1. Has the stretch 55-71 got at least one residue that is surrounded by fewer than 12 Cβ atoms within 10 Å (Cβ to Cβ) and either out of contact with any Asp or Glu (no Cβ under 9 Å at 6 or more places or on another chain) or on the phi < 0 side of the Ramachandran plot (or both)?
2. Quick one: in the stretch 7-54, of everything that is touching a residue at least 12 places away in the same chain (Cβ under 8 Å) and outside any helix (DSSP H, G or I), which residue is surrounded by the most Cβ atoms within 10 Å (Cβ to Cβ)?
3. Output the residues belonging to the stretch 76-103 that are surrounded by 19 or more Cβ atoms within 10 Å (Cβ to Cβ) and within 22 Å of Leu46 (Cα to Cα).
4. Report, ordered by the first and then the second residue, all pairs with beta carbons closer than 7 Å, sequence separation of six or more or different chains, a first member in the stretch 104-133 that is without any contact (Cβ under 8 Å) to a residue 12 or more places away in the chain, and a second member that is not in a helix (DSSP H, G or I).
5. All but one of (1) assigned to a loop (DSSP other than H, G, I, E, B); (2) under 29 Å from Asp13 (Cβ atoms); (3) modelled with pLDDT of 95 or more hold for Leu86; which doesn't?
6. If you check Gly23 against the conditions, is it more than 14 Å from the chain's Cα centre (by Cα) and at positive phi?
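The values are calculated or read from the model by the stated rules, or taken from the named source; none is laboratory data. All values reported here derive from a predicted model rather than from experimental measurement. Here the Cβ positions follow ideal geometry from the backbone for every residue, glycine too, while neighbour counts run over all protein chains shown.
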Amino acid sequence: MLARIPEVEAMVDRALELDESWGEGSLYEFQITFAGAKPGDPDFALIQKHFDRAQALSGGKRAGLYVAYSEAVSLRKQDGPQFRSLLEKSLALDPDQHESVRLVNLLAPRRARWLLSRADDLILPSRPPAVEGEPR
């Protein structure tokens, strides 16, 4: 499966060259999901650029964008407040307000609710700084 990663990246890069605005930012949203799913350390700066561009192209109306970013970045960084905030933004979007993204805005909140219901299992509690000489 890993042998296919360069081919998928090449296809998405080509699609972005042809029409980056296709799907109102959905190609960049895919880039976020894909970057978060690849093994190894993600390039958080690149994911942020994808998020910002998707936001600009979609006008912030894609619920899936918030879910994708919360999983690719907030979860990986164990940033609980950001994780919850992004998922709440996804839930706040009215799926009937934007017909062009209605389907994703119906489906993404399901994932957001599922993630929020498991947030305590997904985000580890932060530990206080170690005191020198005390066992952890």
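1. No; the residues of the stretch 55-71 include none that is surrounded by fewer than 12 Cβ atoms within 10 Å (Cβ to Cβ) and either out of contact with any Asp or Glu (no Cβ under 9 Å at 6 or more places or on another chain) or on the phi < 0 side of the Ramachandran plot (or both).
2. So the residue we want is Gly25.
3. To start, the set of residues in the stretch 76-103 that are surrounded by 19 or more Cβ atoms within 10 Å (Cβ to Cβ) comprises 83, 86-87, 90, 93, 101.
Listed by number, the residues that qualify are Phe83, Leu86, Leu87, Ser90.
4. Leu106/Pro95; Ala130/Arg136
5. (1)
6. Details: more than 14 Å from the chain's Cα centre (by Cα): yes; at positive phi: yes.
Criteria met by Gly23.
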